[in-house]
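Before any comments, here is the structure.
Read-outs: derived from the displayed coordinates by stated rules, not from any lab. Small disclaimer: the values here were computed from a predicted structure and weren't measured. Backbone-built Cβ (ideal geometry, glycine too); neighbour counts: all protein chains shown.
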Amino acid sequence: METTAQALVAPGKGILAADESSPTIEKRFKTIQVESTEENRRDYRAALFSTPGLGEFISGVILFDETIRQKAGDGTPLVKLLRRQGIIPGIKVDKGAKALAQFPGEKITEGLDGLRDRLAEYVQLGAQFTKWRAVITIGENIPTLTCLQANAHALARFAALSQEAGLVPIVEPEVLMDGDHTLARCAEVTAAALEALFTALFEHRVTFEAMLLKPNMIVSGKACSQPAGPAEVAEATLRCFRRVVPATVPGCVFLSGGQSDVEATRNLDALNQQASAPWQLSFSFGRALQAPALKAWAGKPENVKAAQHVLLHRARCNGAARFGKYSAELETRTT
């Protein structure tokens, strides 16, 4: 597990999150006027996973339950498409965030029931790592301590069960960008969420060296009147993490969390330009990697190569950001 964790945060590489639930992928497909059928979902993801050269910048891919079972049009399992490129397959195992009873505006992630058996099946299907997402909302008088602790407990139980099964858990306590909160408020809530998380992980005997953290960057709310720039984001994020994230965790694979593809890359680049950190500062992007490819594909077989080209371009840009060497010139490069 420790070897897998290190491979997932190898220098210059990051993770592609292709684990959209059925409702989420349906919303994405609607933006390109494509029906969300099983065949279309399969063809789209097969196109992404067979992108020539993708393994140079992508270390792992997070799959959805449907996807890990699917085969491409020629009969090749999608997991095999990834392995051909040296990409590690993983699986999202939570069952989504639901309303937290008696706590308006807050959520708890479900999916622990039956998880041990599901993990055993995913091992047989080829998964080597797992992911579980918790959702933390910033608002008036929230998040509450109860919400933070409940989600931390669920993340810790998930992580312990994953390691029991020989799988590397990626724990994702996402503090949402929604709202008008300041950078400082995001930092305050993120610190509290991470403190609760690592306390719970320690209590559940999770091995930090065999897990990864998928955190939000510390950013201003989407509606904040004074949004922070990349340098401020990087400084605030690392200041917070140095206080609460154990140095034995191999890496932080940041989520994009509603940022645009270019914005997420700029912020990742700024993080890696800061003074050395004890963890690899990598990425686990979904929309920030896929959005241009989805638009280019548009559900048409003749557009597969164009979609692969733009996916590889975004992966290359983020690979450069892993070294703090991203630039506007690289963004406009076509080859």
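Listing for the model above:
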{"item": "Cα convex hull volume per residue for the chain (Å³)", "result": "127"}
{"item": "In the stretch 13-63, GluC sites (Glu not before Pro) in a DSSP loop with at most 11 other beta-carbon atoms within 10 Å", "result": "Glu35"}
{"item": "Beta bridge orientation in the chain: antiparallel %, DSSP, nearest 5", "result": "15"}
{"item": "Shape parameters for the stretch 31-139, alpha-carbon atoms, Rg then Dmax in Å", "result": "16.4, 50"}
{"item": "Residues whose placed amide H lies under 5 Å from that of Thr130, excluding near-sequence neighbours", "result": "Ile91, Val168, Ile170"}
{"item": "Among Ala193, Ala210, Thr182 the positive-end extreme of the charge dipole of the stretch 2-332 (Cβ point charges)", "result": "Ala210"}
{"item": "Cβ-placed point charges (K, R +1; D, E -1), dipole of the stretch 1-53 about Cα centre in debye, nearest 20", "result": "180"}
{"item": "Hypothetical label at Thr37: residues of the stretch 74-102 whose amide nitrogen lies under 18 Å (7 Å Cα-Cβ projection)", "result": "74-75"}
{"item": "In sequence order, calculated HN-Hα J values of the stretch 127-138 (Karplus, 6.51, -1.76, 1.60; Hz; x Gly/Pro)", "result": "5, 10, 8, 10, 9, 9, 10, 10, 10, 10, 9, 9"}
{"item": "Alpha-carbon Rg with Dmax, taken over the stretch 1-89, Å", "result": "13.5, 42"}
{"item": "Value of D in µm² per second that Stokes-Einstein yields for the stretch 101-178, Kirkwood Rh from Cα pairs, at 4 °C (1.567 mPa s)", "result": "96"}
{"item": "Rg/Rg_globular for the stretch 135-238, with Rg_globular taken as 2.2 N^0.38 Å and Rg from C-alpha atoms", "result": "1.13"}
{"item": "Under-5 Å amide H pairs with Ala17, H placed in peptide plane, nonlocal only", "result": "Ile62, Phe285, Gly286"}
{"item": "Extension gain from Glu140 to Glu56, taking 0.36 nm per residue of separation minus the Cα-Cα distance", "result": "25.8 nm"}
{"item": "Lysines whose Cα lies under 21 Å from that of Lys295, excluding same-chain neighbours fewer than 8 positions away", "result": "Lys27, Lys30, Lys305"}
{"item": "Size of charge dipole - the chain - debye, nearest 20, with Cβ of Lys, Arg +1 and Asp, Glu -1, no other charges", "result": "660"}
{"item": "Long-range amide H partners of Gly251 with built H, under 5 Å", "result": "Leu213, Gln280"}
{"item": "Efficiency of FRET between Phe103 and Leu330 - r from beta-carbon atoms, R0 45 angstrom, step 0.05", "result": "0.50"}
{"item": "Simple label model, 7 Å out from Cα along Cβ direction - Asn303 to Arg84, nm", "result": "2.3"}
{"item": "Debye equation applied to the C-alpha atoms of the stretch 239-335, log10 I(q)/I(0) at 0.19 Å⁻¹", "result": "-0.90"}
{"item": "Estimated inter-spin distance, Leu112 and Arg242, nm [label 7 Å along Cα→Cβ]", "result": "3.5"}
{"item": "Among Val79, Thr109, Val123 - extreme Cα towards positive end, dipole of the stretch 74-144, charges at beta-carbon", "result": "Val79"}
{"item": "Check: the stretch 1-112 dipole with +1 on Lys, Arg Cβ and -1 on Asp, Glu Cβ, in debye", "result": "120"}
{"item": "Hull volume in cubic angstrom per residue (convex hull over the Cα atoms of the stretch 53-100)", "result": "91"}
{"item": "Net length gained if the chain between Gln124 and Thr199 were fully extended (0.36 nm per residue, minus Cα distance)", "result": "23.9 nm"}
{"item": "Value of [θ]222 nm, deg cm²/dmol, for the chain, DSSP H segments ≥ 4, -39500 (n - 2.57) each, nearest 500", "result": "-14000 deg cm²/dmol"}
{"item": "Antiparallel %, DSSP beta bridges [both residues in the stretch 1-160], to 5", "result": "30"}
{"item": "Relative contact order computed over the chain (Cα-Cα under 8 Å; 6+ residues apart), in percent", "result": "19"}
